[in-house]
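Here's the structure we're looking at; comments come further down.
The values are calculated or read from the model by the stated rules, or taken from the named source; none is laboratory data. Fair warning: this is a prediction, and the values are worked out from it, not measured in the lab. Reconstructed Cβ throughout: ideal geometry from the backbone, glycine too, with neighbour counts over all protein chains shown.
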Amino acid sequence: MLARFFNPERIAVVGATPKEGKVGNILLNNLMVFRASAKDVSIYPVNPHYEEILGIRCYPSVLQIADRVDLAVVAVPAMSVPEVLEQCGKKGITNVVVISAGFKEVGRAGAILESELVRICETSRIQLIGPNSMGILNTHADLNATFGRAAPAKGAIAFLSQSGAFVLAVIDWARTAHVGFSKVVSLGNKAVLDECDFLEYLVMDDETEVITLYLEDVRDGRRFMEVVSQVTSTKPVVVLKSGKTDAGARAASSHTGSIAGSVEAFRTAFHQAGVIEANSIEDLFDFSLTLSRMRGIKGGVAIVTNSGGPGVMAADALDELGLELASFERGTLEQLRALQIANFYNPVDVRGDADSELFGAALGIVAGDAQVGAILAILSPTAFIDFVRAGDYVLEFSDRKPIIPVFMGGERVSETIERFRAYGIRNYFDPGRAVKALSAVKQYTASKERVRAPPPHFTVDRATVERLLKPVEGEVARMGMGLQGFKILDAYGISVPNYGAAKTAEEALEIADRIGYPVAMKILSPDIVHKTDIGCVKLGVGREQVAETFFEIIHRAERYTSARRIEGVLIQEMIEGGKEVIVGMKRDPHFGPLMMFGLGGIYVEVFKDVSFGIAPLSKDDALDMIRNVRAYRLLRGVRGERMSDINSLVDVILRFSQLSTEFPVILEADLNPIKAFEHGKGCCVLDFKMVLRE
């Protein structure tokens with residue numbers, strides 16, 4: 001579907017000009033190089049002010065071109081772009097790159113103009129890249145449809161970017177860093193085509209091994225996750241996401257809303273979809289280049305070095321990033337011991353006075369160990385080391401095991417580094433940076449091996465919930481939900497204590513007698529979300545205290561809100577024991593329900609020991625959320641305590657995930673606290689609050 005963008009035979013340059021330094025002139029010159037290197041390629045300059053440009057016939061519009069046109073590259077003033085697109089539609093040109101700027105990036109008027117482009121594209125079935133795009137590249141076909149003055153070398157990394165300026169900077173850097181690309185796409189404003197469209201194309205592209213993205217936002221988070229999940233099962237996807245702060249975000253009403261921001265949503269989406277997230281430009285290309293030659297690590301990491309210090313640095317970094325040092329087989333240890341080196345365990349230290357042959361011998365022995373998944377070959381520039389010869393060993397044994405060289409030096413190492421580059425091997429000066437790149441490979445390995453089971457579906461009472469959530473006329477949002485909240489949980493099979501609502505002290509006593517003592521008493525009001533903060537929660541209330549506590553709670557609530565907004569007092573069975581946890585949800589504008597799990601109670605926002613998942617969740621997703629909090633050790637049981645009922649917590653998370661998915665009217669919600677009892681004894685939700693949209 002998108003192949004003609006990268007392998008066109010007939011290209012129209014709309015806005016071509018003979019004036020040097022202009023975008024239309026640079027584009028035309030770049031495409032003339034493509035025409036010279038490819039067979040049967042025709043270029044058609046389009047500009048009503050010229051009859052000829054660079055010795056080629058120029059056309060007043062694309063409609064005057066007699067031949068079929070595979071690709072139109074448009075560089076005209078923004079106000080003229082709709083007319084050009086209309087002409088492309090009439091001509092039957094379905095692939096268009098709009099270089100022109102001046103659309104939604106400049107404000108409301110530009111956004112209106114961009115919406116007109118979208119309308120024309122939908123009517124004429126035009127696939128549009130941009131507007132505000134820098135262009136596209138296919139290095140394997142020598143296609144440079146950009147206004148950059150130079151193209152990068154051929155490689156196996158595809159690069160998609162929302163920022164055109166960043167693309168130009170990366171291309172310029174790549175030429176000096178000897179980094180090659182397969183395809184490069186400047187996505188621009190993503191009015192029609194976005195990263196998902198190109199991910200679907202590139203996963204089938206034989207010239208691409210790794211897909212690298214620079215993203216500022218995603219248009220459709222759900223589609224992004226679905227597409228990337230499919231792509232990462234075949235090829236690694238590395239993403240650098242900018243715009244991570246939540247400055248200006250609305251004040252949240254729930255615990256989850258106050259903790260879960262856009263950063264958490266994107267990171268969670270990336271994790272669930274198998275994306276490798278980079279936090280810097282350095283990471284972006286370190287990860288991509290390493291993944292282009294290493295798709296997985298099966299086994300631990302071995303370190304072979306002639307310097308103890310860098311070896312220890314590497315070992316520390318491995319531990320910090322969750323990678324394991326390989327445990328050598330007995331035969332490996334015996335062979336290494338025979339070399340009479342400083343340390344034959346992992347990390348292997350061949351001594352500072354070792355020559356290249358001794359280093360190579362140790363490297364070869366380690367490369368033959370079945371327990372080793374990858375090797376860090378770390379060399380300091382001692383007088384005894386010949387880096388060229390050491391490089392020979394790295395290249396020789398790379399056929400047995402993935403080896404990342406960390407040849408630490410300057411001029412003495414430069415020749416060997418150039419040889420490594422010719423084989424697609426990246427050398428690192430910093431052992432920690434090399435380990436970080438290895439961790440990206442390990443992360444991708446774990447992602448590929450993960451079984452993506454579908455989310456379960458529970459039989460629930462949706463009709464009851466639909467009735468309870470039916471909007472109240474004139475009400476923008478309701479908080480707390482009172483008794484309705486517990487009825488919603490009941491309808492979805494989530495356990496709650498026995499309860500009742502009292503509007504008088506007499507009713508409170510009657511309900512408490514029925515439930516049994518002691519009881520918990522809480523205010524019921526849509527205006528009071530965090531009831532504990534204003535003293536409207538009383539626990540362990542005995543029979544003789546019920547009436548007095550009722551009036552005290554009402555009095556405190558009236559100081560906070562009007563009497564007409566107080567619905568009564570909730571009388572609840574007092575639940576003792578168990579660990580307190582929280583399950584929450586905040587509806588993210590990009591990805592939908594962002595689920596949260598963590599240590600519960602009143603301290604959740606203080607400790608923020610939480611993890612996230614995007615609904616609908618699978619059982620493995622829910623288990624990951626529980627295991628990824630520090631408090632998981634408490635739930636498993638410490639110092640003789642019995643394990644909490646993890647399976648029951650998983651059930652609550654999954655049922656609440658289904659509720660959040662099936663009812664988009666819920667914007668935020670907290671089940672807090674949830675009492676998690678001993679294994680086999682279930683759990684119970686003590687309080688439930690939510691925020692609904694109109």
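Just for segment 272-294: of the residues that are surrounded by fewer than 20 Cβ atoms within 10 Å (Cβ to Cβ) and within 30 Å of LEU594 (Cα to Cα), which one is modelled with the highest pLDDT?
Within segment 272-294, the match that is modelled with the highest pLDDT is GLU277.
Taken over segment 488-506, the criterion of being within 19 Å of ARG564 (Cα to Cα) and out of contact with any Gly (no Cβ under 8 Å at 6 or more places or on another chain) is satisfied by THR504, ALA505.
For beta carbons closer than 6 Å, sequence separation of 6+ or different chains, a first residue in segment 472-493 that is farther than 24 Å from GLY682 by Cβ and a second that is assigned to a helix (DSSP H, G or I) and at pLDDT 95 or above, there are no qualifying pairs. Looking only at segment 342-355, decide whether some residue is at pLDDT below 95, of a type in the set (Phe, Trp, Tyr) and not in a helix (DSSP H, G or I). Looking for residues that are at pLDDT below 95, of a type in the set (Phe, Trp, Tyr) and not in a helix (DSSP H, G or I), one finds at least one in segment 342-355, hence yes.
Results for (1) β-branched (Val, Ile, Thr); (2) over 22 Å from GLY424 (Cα atoms); (3) without any contact (Cβ under 8 Å) to a residue 12 or more places away in the chain; (4) touching a Leu at 6+ places or on another chain (Cβ under 6 Å), shown as yes or no for each residue.
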position: THR139; (1), (2), (3), (4): yes, no, no, no
position: ARG149; (1), (2), (3), (4): no, yes, no, no
position: PRO152; (1), (2), (3), (4): no, no, no, no
position: ALA156; (1), (2), (3), (4): no, no, no, no
position: LEU160; (1), (2), (3), (4): no, no, no, yes
position: PHE166; (1), (2), (3), (4): no, yes, no, no
position: ALA174; (1), (2), (3), (4): no, no, no, no
position: ASN189; (1), (2), (3), (4): no, yes, no, no
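Residue-level analysis places MET643 outside the set of residues that are of a type in the set (A, V, I, L, M, F, W, C), modelled with pLDDT of 90 or more and within 24 Å of GLY485 (Cβ to Cβ). Being among the aromatic types (Phe, Trp, Tyr) and part of a loop (DSSP other than H, G, I, E, B) is a description that does not apply to PHE359.
Evaluate the following for ALA265: is it in a loop (DSSP other than H, G, I, E, B), over 30 Å from SER356 (Cβ atoms) and either of a type in the set (Gly, Ala, Ser) or at pLDDT 95 or above (or both)?
no
Any residue in segment 620-635 that is part of a strand (DSSP E or B) and over 21 Å from PRO454 (Cβ atoms)? Within segment 620-635 (the criterion being part of a strand (DSSP E or B) and over 21 Å from PRO454 (Cβ atoms)), the answer is no, since none of the residues qualifies. So if I check each of VAL569, VAL541, VAL546, which one is in contact (Cβ under 8 Å) with a residue 60 or more places away in the chain and either outside the structural domain of MET625 (by TED's automatic domain parsing) or hydrophobic (A, V, I, L, M, F, W, C) (or both)? Going through VAL569, VAL541, VAL546 in turn, the sole match is VAL569. Against the test of being in contact with a Leu (Cβ under 6 Å, 6 or more places away or on another chain) and within 21 Å of GLY592 (Cα to Cα), the options VAL210, VAL239 yield a single qualifying residue, VAL239. Residue selection: VAL372 fails the criterion of being in contact (Cβ under 8 Å) with a residue 40 or more places away in the chain, closer than 11 Å to VAL304 by Cα and under 42 Å from the mean Cα position of the chain (by Cα).
Scanning segment 442-471 for residues that are hydroxyl-bearing (Ser, Thr, Tyr), surrounded by 14 or more Cβ atoms within 10 Å (Cβ to Cβ) and out of contact with any helix residue (DSSP H, G or I) (no Cβ under 7 Å at 6 or more places or on another chain) turns up THR445, SER447. Summed over segment 541-569, residues that are aromatic (Phe, Trp, Tyr) and under 21 Å from GLY500 (Cβ atoms) total 2. For segment 92-125, residues that are surrounded by 14 or more Cβ atoms within 10 Å (Cβ to Cβ) and closer than 21 Å to ALA16 by Cα total 12. Residues in segment 308-332 that are closer than 28 Å to GLU357 by Cβ, touching a strand residue (DSSP E or B) at 6+ places or on another chain (Cβ under 7 Å) and not in a strand (DSSP E or B): GLY308, PRO310, GLY311, ALA314, ALA315, LEU318, ALA326, SER327. Pairing residues of segment 341-366 that are in contact (Cβ under 8 Å) with a residue 60 or more places away in the chain with residues that are surrounded by fewer than 21 Cβ atoms within 10 Å (Cβ to Cβ) and hydroxyl-bearing (Ser, Thr, Tyr), at Cβ distances under 7 Å and at least 6 apart in sequence or on separate chains, gives no pairs at all. With a requirement of 3 or more residues that are touching a residue at least 60 places away in the same chain (Cβ under 8 Å) and assigned by TED's automatic domain parsing to the domain that holds PHE198, the strands (runs of 3 or more DSSP E) lying completely within segment 1-101 that satisfy it span 10-14, 71-74, 95-98.
Checked against (1) under 27 Å from GLN443 (Cα atoms); (2) touching a residue at least 12 places away in the same chain (Cβ under 8 Å); (3) in contact with a Gly (Cβ under 9 Å, 6 or more places away or on another chain), GLU320 passes all but a single condition, namely (2).
Only one of the numbered conditions (1) modelled with pLDDT of 85 or more; (2) in contact with a Lys or Arg (Cβ under 7 Å, 6 or more places away or on another chain); (3) under 23 Å from SER657 (Cβ atoms) is violated by GLY480, and that is (1).
Quick test of your reading of the structure: GLN545 fulfils all but one of (1) buried (at least 17 other Cβ atoms within 10 Å of the Cβ); (2) of a type outside the set (D, E, K, R); (3) in contact with a strand residue (DSSP E or B) (Cβ under 7 Å, 6 or more places away or on another chain). Name the failing condition by number. Just one mismatch for GLN545, condition (3). Within segment 102-119, not a single residue is in contact with a helix residue (DSSP H, G or I) (Cβ under 6 Å, 6 or more places away or on another chain), within 23 Å of LYS39 (Cβ to Cβ) and not basic (Lys, Arg).
Among the residues of segment 164-176, is any in the same structural domain as VAL14 (by TED's automatic domain parsing), closer than 19 Å to ASP194 by Cβ and either modelled with pLDDT of 95 or more or of a type in the set (Ser, Thr, Tyr) (or both)? The answer is no, given that none of the residues of segment 164-176 is in the same structural domain as VAL14 (by TED's automatic domain parsing), closer than 19 Å to ASP194 by Cβ and either modelled with pLDDT of 95 or more or of a type in the set (Ser, Thr, Tyr) (or both).
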